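Everything below concerns the one structure shown next.
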Amino acid sequence: LDRWWQAAQTTEQYRRVRRQLIASMVVAGCCWGVVPLLFMHNVSGEMVIFISLVLAGMICATLPALAACLPAYIAFATPIFLALIFHYYSLGLSATAFLSFAFLGAMLAISTTVHRIITGYISLDLENQTLLQEVTRARDDAERANQSKSDFLAAASHDLRQPLQALGFFLECI
């Protein structure tokens, strides 16, 4: 994944990598969403709790990694919890399904906040880099102007002293 991001130097490459990430997260979310359908055949409490915790842990664990690309996180989390919620309803666990739906909403709200924070810091960093380039450019311009001023004053001083020195030599000769 890191190789993909480093390779995305242009905007079009970034968009292509982003689409690939979202598509792969849809596939991964659907694969994890199949887990409740395959392993939760009865309403035994231990298995329901275990699978619910594993899937909730997956959703929580992927938040820091995928929150920078919010559509990828949504593409991963939504299929998992929709399958889990559907399976809870089919088992007659409507309260658990409602709690899972509330958890999904909370995780999406948190991911939106984390996404906003991450993009804010990235934007701030890009602005700082731009300002640093402008300050460096202005400093270089000021140094060139200072050097030009020094060169001008040296030339003017030389040009003004030369006639006075010639006049001094002429007066010494008299």
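The values are calculated or read from the model by the stated rules, or taken from the named source; none is laboratory data. All figures in this text were calculated on a predicted structure; none of them were measured in a lab. Here the Cβ positions follow ideal geometry from the backbone for every residue, glycine too, while neighbour counts run over all protein chains shown. What goes into the accessible areas is simple: the full protein's heavy atoms, side chains included, and nothing from ligands, DNA or RNA. Shrake-Rupley method; radii C 1.70, N 1.55, O 1.52, S 1.80 Å.
Of note:
- With Cα atoms, 0 to 90° folded angle of helix 45-66 axis to the chain main axis: 10 degrees
- Distance from the C-alpha centroid of segment 8-65 to that of segment 113-174: 57 Å, rounded to the whole angstrom.
- Size of charge dipole - segment 75-174 - debye, nearest 20, with Cβ of Lys, Arg +1 and Asp, Glu -1, no other charges: 440 debye
- Carbon plus sulfur fraction of accessible area for the chain, probe 1.4 Å, in percent: 68 percent
- Overall Cα dimensions of the chain - principal axes, largest extent first, Å: 125, 27, 20
- Charged-residue dipole, Cβ positions (Lys, Arg, Asp, Glu), the chain about Cα centre, Debye nearest 20: 580 debye
- Normalised contact order of the chain, rounded percent, pairs of Cα under 8 Å and 6 or more residues apart: 20 percent
- Asp141 paired with Phe101, simple spin-label distance in nm, labels 7 Å along Cα-to-beta-carbon: 6.0 nm
- Per residue accessible area of the chain, 1.4 Å probe, in Å²: 68 Å²
- Using θ = phi - 60° and Karplus 6.51 cos²θ - 1.76 cosθ + 1.60, couplings along segment 164-174 (whole Hz; Gly, Pro as x): 5, 5, 4, 5, x, 4, 5, 5, 5, 6, 7
- In nm, spacing of pseudo-spin labels at Ser148 and Ile117 (7 Å Cα→C-beta vector): 4.9 nm
- Between Thr119, Thr11, Thr96, the Gaussian network model of the chain with springs among Cα atoms under 10 angstrom shows the greatest mean-square fluctuation at Thr11.
- Nearest-ten-degree value, helix 11-39 long axis tilted from longest Cα axis of the chain: 20 degrees
- For segment 98-108, the Karplus equation 6.51 cos²θ - 1.76 cosθ + 1.60, evaluated at θ = phi - 60°, returns couplings of 5, 5, 5, 5, 5, 5, 4, x, 5, 5, 5 Hz by residue, with Gly and Pro reported as x.
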